[in-house]
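K.L.:
A single structure is presented below for examination.
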Amino acid sequence: MLAPPAAGRPLPVAPPPASRDTREADAVLTPDEKRESAALMRVNHAGEVAAQALYHAQAMFARDPEVREFMLYAAREETDHLAWCETRLKELGSRPSLLNPLWYAGSFGIGALAALLGDRASLGFVAETERQVEGHLKGHLDLLPEGDQRSRAIVEAMRHDEVGHGEKALSAGGARLPGPVRELMRRTARVMTHTAYRI
């Protein structure tokens with residue numbers, strides 16, 4: 001959490017002809033578009049901070065070694081996302097959420113609780129989390145300025161990974177969570193995204 005994240009995979013790039021020099025590509029964005037992109041990428045960065053905490057806590061308290069290994073594998077891919085979002089925020093002249101320590105601490109507690117309910121519940125929590133995150137990222141693809149192909153490439157690559165995490169969690173035996181739990185997760189995520197957008 002304190003050390004800068006290091007990606008194991010290269011930063012996703014936009015397809016030609018948009019994948020020119022970053023400064024040249026960003027020059028087509030208006031100041032308002034840059035601010036909007038930065039706010040959305042700050043939300044995504046905060047979400048990746050939370051994902052790190054969730055997966056690390058779930059790995060720590062997993063009962064089955066295979067479930068623990070899955071959580072650590074997913075956390076490594078989320079580290080890539082974290083590094084990509086941080087890089088993009090710097091390119092846009094912006095910063096991460098000031099509340100990242102709060103997102104991490106709260107998410108670690110939630111992840112620990114999910115894991116303590118058992119591996120099936122913990123995997124089900126992953127599947128539902130990633131289902132909601134995929135919808136959130138699809139929404140961001142609609143909201144990002146059309147000219148910001150660099151941010152779009154990052155968000156699309158993240159979305160692909162999140163879908164994979166959810167599918168693997170289900171195939172590993174994840175249980176479907178009760179409706180009230182899913183709704184609570186949605187509301188909690190909404191608070192975080194609305195706050196991280198501004199702070």
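A short reminder: the numbers here are calculations on the coordinates, not readings from a lab. Predicted model, so just to flag it, every value in this text is computed and none were measured. With ideal geometry, Cβ positions are generated from the backbone for all residues, glycine too; neighbour counts draw on all protein chains shown.
K.L.:
Could you tell me which residue out of GLY174, ILE199, LEU144 lies farthest along the dipole of segment 119-199 toward its positive end? Charges go on the beta carbon: Lys and Arg +1, Asp and Glu -1, centred on the Cα centre.
P.N.:
ILE199
K.L.:
Which order, highest average first, do 54-67, 36-49 follow once you tally other Cβ atoms within 10 Å for each residue and take the mean per peptide?
P.N.:
Details: 54-67: 19.2, 36-49: 24.1.
The most tightly packed comes first, giving 36-49, 54-67.
K.L.:
Can you give me the long-range amide H partners of SER97? Hydrogens built in the peptide plane at 1.01 Å from N, cutoff under 5 Å, separation of 5 or more residues or another chain.
P.N.:
ALA46
K.L.:
For the chain, what is the charge dipole size about the Cα centre, in debye to the nearest 20, if Lys and Arg each add +1 at the Cβ and Asp and Glu each add -1 at the Cβ? Working shown, then result.
P.N.:
Values: 25 positive and 27 negative charges, 95 e Å.
That gives a dipole near 460 debye.
K.L.:
Per residue and in Å³, how big is the convex hull formed by the alpha-carbon atoms of segment 62-196?
P.N.:
On the way: hull volume 14.3 nm³, N = 135.
Once divided by residue count, the hull of segment 62-196 is 106 Å³.
K.L.:
Let me ask something additional. Ranked highest first by average number of other Cβ atoms within 10 Å, how do 108-116, 95-103 line up? Each step should come with its number before you reach the end.
P.N.:
Working: 108-116: 19.3, 95-103: 16.4.
The packing order, highest mean first, is 108-116, 95-103.
K.L.:
Compare the peptides 179-192, 71-84 by average per-residue count of other Cβ atoms within 10 angstrom and give them in order, highest first. Walk me through the numbers on the way to the answer.
P.N.:
Numbers: 179-192: 13.0, 71-84: 21.0.
Order by mean packing, descending: 71-84, 179-192.
K.L.:
Can you give me the Cα centroid spacing of segment 66-95 and segment 124-197 in angstrom?
P.N.:
Value for the Cα centre distance between the two parts: 14 Å.
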